[in-house]
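Reading through the structure tokens given below for one structure.
The values are calculated or read from the model by the stated rules, or taken from the named source; none is laboratory data. The structure displayed is predicted, hence computed values, not measured ones. Cβ placement follows ideal geometry from the backbone for every residue including glycine, while neighbour counts extend to all protein chains displayed.
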């Protein structure tokens, strides 16, 4: 598949399909997506593999359900409507499962390069 021809929203949907198995084992973390020329390049999940409370290691909570992942994906795709006038950068989707309720936020980072012309 040639991703340059696929809309960014569909590419993001494909990213979440690719990482859904990993998300099923996580209760919190950050999904990151690097974009170049409106095409998804590198993507993945950052998370803490061990959690503790008051210095005591806690057993891992269950991860996101299929329904949580569906809602998370829809939120991520809908957030693209807020991406204006940039084609290079990163998007970070922070998520946490709190009392079986998915909480998520989005952070956009646009990247620009200064190109010097030889004289």
* To do: Take the residues in region 31-49 that are at pLDDT 95 or above, out of contact with any helix residue (DSSP H, G or I) (no Cβ under 6 Å at 6 or more places or on another chain) and farther than 23 Å from residue 112 by Cβ, then tell me which one is surrounded by the most Cβ atoms within 10 Å (Cβ to Cβ).
  => 31
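One line per residue, one yes/no per condition, for (1) outside any helix (DSSP H, G or I); (2) touching a strand residue (DSSP E or B) at 6+ places or on another chain (Cβ under 9 Å); (3) over 15 Å from residue 107 (Cβ atoms):
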{"position": "9", "(1), (2), (3)": "no, no, yes"}
{"position": "19", "(1), (2), (3)": "no, yes, yes"}
{"position": "26", "(1), (2), (3)": "yes, yes, yes"}
{"position": "32", "(1), (2), (3)": "yes, yes, no"}
{"position": "40", "(1), (2), (3)": "yes, yes, yes"}
{"position": "70", "(1), (2), (3)": "no, no, yes"}
{"position": "76", "(1), (2), (3)": "no, yes, no"}
{"position": "91", "(1), (2), (3)": "yes, yes, no"}
{"position": "94", "(1), (2), (3)": "yes, yes, no"}
* To do: Please find, among 83, 60, the residue that is surrounded by fewer than 17 Cβ atoms within 10 Å (Cβ to Cβ), at pLDDT below 95 and touching a strand residue (DSSP E or B) at 6+ places or on another chain (Cβ under 8 Å).
  => 83
* Could you list, in sequence order, the residues of region 50-82 that are touching a residue at least 40 places away in the same chain (Cβ under 8 Å) and under 30 Å from residue 112 (Cβ atoms)? -> 72, 73, 76, 77, 80
* Structure fact -> Considering region 42-63, residues that are more than 14 Å from the chain's Cα centre (by Cα) and not in a loop (DSSP other than H, G, I, E, B), and then whichever is nearest to residue 92 (Cα to Cα), we arrive at 52
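Residue check: is residue 12 at pLDDT below 95 and either within 15 Å of residue 91 (Cβ to Cβ) or more than 13 Å from the chain's Cα centre (by Cα) (or both)?
On the way: at pLDDT below 95: no; either within 15 Å of residue 91 (Cβ to Cβ) or more than 13 Å from the chain's Cα centre (by Cα) (or both): yes.
No.
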